Amino acid sequence: MERPGGSVRRVPSPVSKGLLNRRGLSGPVSVPAGGGAVATVGGTGLVDAAEREAFERGQTVSINKAINAQEVAVKEKHARTCILGTHHEKGAHTFWSVVNRLPLSSNAVLCWKFCHVFHKLLRDGHPNVLKDSVRYKSELSDMSRMWGHLSEGYGQLCSIYLKLLRTKMEFHTKNPRFPGNLQMSDRQLDETGENDVNNFFQLTVEMFDYLECELNLFQTVFGSLDMSRSVSVTAAGQCRLAPLIQVILDCSHLYDYTVKLLFKLHSCLPADTLQGHRDRFLEQFKKLKDLFYRSSNLQYFKRLIQIPQLPENPPNFLRASALSEHISPVVVIPVEASSPDSEPIMDLVDTETSSQQSLPENKFDDIFGSSFSNDPFNFNSQNGMNKDDKDQLIEQLHREISKLKEELKNFKAESHRLVVQLKGRISELEAELAEQQHLKQQALDESDFLRAELDELKKRHEDTEKAQRSLTEIERKAQATEQRYLKLKEKYSELVQNHADLLRKNAEVTKQVTVVRQVQEEAEREKKELEDSFQQLSKQAQRKTQEQTEVLETLKRELLASKQEIQNLRSTIECSAQSEVEQSSQLASLQLERDTLAETVAQHDQQRAALQAEVQQLKATLEKEKENGSKTVEELQCRLGERERNAQELQQQLLDKQFALLQCALGEAEHMIQEALNRLDDPVHISCTSSADYLLSRTLAALKCTEQLEEACSQYLADRSDVSSLLSGVALFAHLTGDTILHASATSHMAPMEPADLLLESCRQCGSEALQYLGTLKDVALLEGADCTAVRNCLSRIAAIGEELRPKGLDIKQEELGDLVDKELAATAAAIETAAARIEGMLSKSRAGDTGVKLEVNERILGSCTGLMQAIQDLVLASKDLQREIVESGRGAASPKEFYARNSRWTEGLISASKAVGWGATVMVDAADLMVQGKGKFEELMVCSHEIAASTAQLVAASKVKADKDSANLSKLQVASRAVNQATAEVVASTKSGKSQIEEKDSMQFSAMTLTQIKRQEMDSQVRVLELESQLQKERQRLGELRKKHYELAGVAEGWDENGADLAP
């Protein structure tokens, strides 16, 4: 059913022909007619220069009033003037000509209001606004990136809003069927996909991106507001909230279209394919529902727009009938609130006009502002329109309204008819759904019988899946060699497919063998039943035959007895003629008895003959059944033997292909190791370096993999049908062995000559032994005797050499690091206290023995040194407190020693910094002692001060690494660090001041010298200057070399080359 595409109950922005005539635009003003086509109003002549100038002047004023630097919402009447201006000139040339002169890049509020007005133009302006604005897309992108650097105020808001506008332009450029306000019917939405599921799929993705940008702006605006106050009633809050009305209108349409498109996609594609779409929709549904709910509670929106509420639960796309339950969200804009800042409406008709006649005028004023009723473009005064023309235009408007009402009535009738048809169709679909559910239940019943076979297939596929997961893990770890594995991956995929086919065929053969066995068992059972029945029939026949025989013998005996009696009677007749009558009567009775006995004998003979015929028939049937059963059993046995032979052949083929796969994997493994050996002599590889620690980690991993490979080889020898573990073990063994060879070679580039040669020789021997071992695995005859001991020995030698090459600074045991940290911090504190006591002693000694300028200089310098020692002492105490806090917060359930051992590198840096601070304090006290005695130099004291400042900075940095940025102890440490820097500056300043005072006191007196003596002294001074400059240059070079060497030694001690980075020469 085609439903109205708009979900906003508001008069659409395109202006009808009658409405423009009502306003008195008798000139050639073009407006959109219907769905967006351009219709020309009035005459066909061109607008003269005066009209064009007046139009541009009015547009410039309206645009400047709409887009200004005041932090208030854009007035609707100015925005409507800009919208009508685009319809007047059929584009946005004037708008962009004015906007290009505005300082959008320097004023964030101005840029924000520009985005709001431009969004309105894209939605309600002329369709050509999009075409005229595409050329400025790159400028909008640059401006978005520029405002994105500001994290406060309107900076981020402008950046996200500009991204949204750019996304909106790109969406409408790719999908020109969608109007700017996104109002479409269901039929138009279906036509956009052109009956291609790929187009619908891509369109849904683009709508997700579009809606994501809308929601980002929504969330950013709410995030920038202080929701604890009534921000919606303030001018600044309304300035930020006003553009969200356009966002709500867009979001309602995008949500509705996304739901419909997802139901359409689920009717064409499998549910698994659309899992990503459903997840993304669910995420956006939750965000949109929350934002709609939060917006509906703001007082600012309650009087301007009625925001819909989304359903409690998202639509169920897996159930097709859920589409009928979907209700399109409708955004209602109250008529009286659509222009809250509009001016009073000027009626153009008499007050006696009916409400039906004034309805279109009021709607036009509510939508486009009453300011346009006063002829904003000054067309009345230019074209001389009188009141009669206006009356005619009003009548024309009334006729158009009547016509539109008739069309609306017809449209409602058609909609009702379509609703009835759809309800009938729904009933049919429900019946089909019930039938489908019945079929589904039958399918479920049938699936129960297949589950056992499915479980068996799943078990057999587990090995293949394990092999696939192993290969996936290997590919992830060896991305640098992905091209090298491509051929192996293709072969492996083909073999896996063949393996799966063979497994399926094997399952089918097993199933057929089971069926044959069942048939054989049934035949044997029937055979036994026939034999039992035959035996029973035989027994019955024998029993009946015996009974008949007994009866026959009885009858024979009776017949003999009768014959004997007849003989006796005959003899009696012959002997006694006298009793003839009696004998004849007796003879007649005996005759009758004989006839009866003869009939009885005949009946028994017939029964016996019938039983004998039945027995013969049963014997023939039994013989026939025996022959058929034997033939069936022979046939089934032949088929069973053939199936068993096929199964054995398939099993052998599977084993052959698995071994071929193993040979391919072994070939690739040999290629990897050979490639690593070839790179040992590559000039490019000579510049690569690595650390001994990293080499040890790689070597230990290779040794562990060697053990796993031996276990996998043993499993394969025990069961040749399972090759998955051996495949993964071979690939991992080749990768780790090659990696160990390369890192051992890189480590040798930084090692001394003798260990480097041993390391390279061990690498080459390890590679050759690994190649020999892999070659042994490739031969079936040598597979059982494969031994990996030589490879393990080579890896052990590499590990031993790497252990010798480890930096000596790392020789501290992990469990001793915690105690060493506490000892070093305590030693540093003790050294500082000792230094402070020595300075106090020197100051007392100087006061007792020195006078004048020297006493003043010594007091100033020693006083500043005392202040520096006090500041360093405070810094060490703050560092201890912060250190204790770090350990307590980071160790969890572990002990402090375990925490230090787990963070050994950081702990060693802290120990080094503590040592440097204590050493610097001691050296500075020694320099101050020599200076007070007159044997030292002021420069030594200044250098010591700078060295102490650097050491304390290192200690602060080491303490701050793992500290919480909001920690109070960290703030205390930073304050103490600044105090140390200030005290260092005071020491340097007092030293320089004392030096200048001493030099002024000892200044030379040249008054008593002659000209020759002065010339001689001048030449000596020049020689001294040259000597000092040469010494200065040499000392600077020496200082540079010392710093390089210090950096190199410190790097080795601290393990800076741990990840194989190049060290400075």
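Working with all protein chains in place, sort 866, 173 by solvent-accessible area computed with a 1.4 Å probe, largest first.
If we order 866, 173 from most to least accessible, we get 173, 866.
Which ³J(HN,Hα) values in Hz, rounded to whole numbers, follow from the phi angles of region 870-879 under the Karplus curve 6.51 cos²θ - 1.76 cosθ + 1.60, where θ = phi - 60° and Gly and Pro get x?
Along region 870-879, the couplings run 5, 5, 5, 4, 4, 5, 5, 5, 5, 5 Hz.
Tell me the accessible surface of residue 604 in square angstrom (1.4 angstrom probe, heavy atoms of protein chains only), to the nearest ten.
50 Å²
Ranked highest first by average number of other Cβ atoms within 10 Å, how do 95-103, 311-319 line up?
Ranking the peptides 95-103, 311-319 by packing returns 95-103, 311-319.
Which lysines have a Cα lying under 29 Å from the Cα of residue 995, excluding residues fewer than 8 positions away in the same chain?
Filter leaves 845, 854, 935, 937, 1015, 1034.
Just add up the charged neighbours of residue 439: K/R +1, D/E -1, any other residue whose Cβ is under 12 Å from the Cβ of residue 439.
Charge balance in the 12 Å sphere: -3.
Counting pairs on different chains as well as pairs 8 or more places apart, how many Lys pairs in region 67-160 have Cα atoms under 18 Å apart?
Taking region 67-160 as the scope, the lysine pair count is 9.
With label points built 7 Å along Cα→Cβ from the Cα atoms of residue 993 and residue 823, find their separation and express it in nm.
It works out to 4.3 nm between the two label points.
Which of the lysines could be linked to residue 539 by a straight reach, that is with a Cα gap under 23 Å, when you skip same-chain ones fewer than 8 residues away?
527, 528, 619, 624, 626
Please give the peptides 252-259, 1023-1030 ranked by average Cβ packing (other Cβ atoms within 10 Å per residue), highest first, as a rough proxy for protection.
The peptides rank, most packed first, as 252-259, 1023-1030.
If you plug each phi of region 160-169 into the Karplus form 6.51 cos²θ - 1.76 cosθ + 1.60 with θ = phi - 60°, what whole-Hz ³J(HN,Hα) values come out, in order, with x for Gly and Pro?
Couplings: 5, 5, 5, 4, 4, 5, 5, 5, 5, 5 Hz.
Where Lys and Arg each count +1 and Asp and Glu each count -1, what net charge lies around residue 152 among other residues with Cβ under 15 Å from its Cβ?
Once positives and negatives cancel, what remains is -1.
Mind checking which lysines have their C-alpha under 29 Å from residue 960, skipping anything on the same chain fewer than 8 residues away?
Reachable lysines: 808, 813, 823, 880, 897, 915, 972, 1044, 1045.
Suppose the chain between residue 966 and residue 539 were pulled fully straight at 0.36 nm per residue; how much longer would it get relative to their current alpha carbon spacing?
Length gained, residue 966 through residue 539: 143.1 nm.
From a point 7 Å beyond the Cα of residue 609 in the direction of its Cβ, which residues of region 541-558 have a backbone N at a distance under 16 Å?
Those under the cut-off are none; the list is empty.
Taking the Cβ of residue 141 as the center, what net charge do the other residues with Cβ under 12 Å away carry, scoring Lys and Arg +1 and Asp and Glu -1?
Net charge around residue 141: +1.
Of the heavy-atom accessible surface of region 610-682 (probe 1.4 angstrom), what whole percent is carbon and sulfur?
45 percent
Leaving ligands, DNA and RNA out of it, work out the accessible area of residue 267 with a 1.4 Å probe and give it in Å² to the nearest 10.
Using a 1.4 Å probe on the heavy atoms, I get roughly 90 Å².
Could you report the accessible area of residue 517 in Å², rounded to 10, computed with a 1.4 Å probe on the protein chains as they sit in the structure?
Taking all protein chains as shown, residue 517 has close to 130 Å².
From the protein chains alone at 1.4 Å, what is the descending order of accessible area for 74, 684, largest first?
Per-residue accessible area, sorted high to low, gives 684, 74.
Would you please give the residues with an amide H less than 5 Å from that of residue 306, counting only those at least 5 places away or on a separate chain, with H modeled from the backbone geometry?
332, 333
Report in % the part of the accessible area of region 142-268 that belongs to carbon and sulfur, leaving out ligands and nucleic acids; probe 1.4 Å.
Result for region 142-268: 46 percent of the exposed heavy-atom area is carbon or sulfur.
Students sometimes get this wrong: rank 222, 659 by accessible area, probe 1.4 Å, all chains present, largest first.
Largest to smallest exposure gives the sequence 659, 222.
With a 1.4 Å probe and all protein chains left in place, how much accessible area per residue does region 62-176 have, in Å²?
38 Å²
For residue 186 and residue 460, FRET efficiency with R0 = 45 Å and r from the beta-carbon atoms, rounded to 0.05?
0.35
The values are calculated or read from the model by the stated rules, or taken from the named source; none is laboratory data. In this text the structure is predicted, and so the values were computed from the model without any measurement. With ideal geometry, Cβ positions are generated from the backbone for all residues, glycine too; neighbour counts draw on all protein chains shown. The protein model used for the area step is the full one, side chains on, heavy atoms only, and it has no ligands, DNA or RNA in it. Shrake-Rupley method; radii C 1.70, N 1.55, O 1.52, S 1.80 Å.
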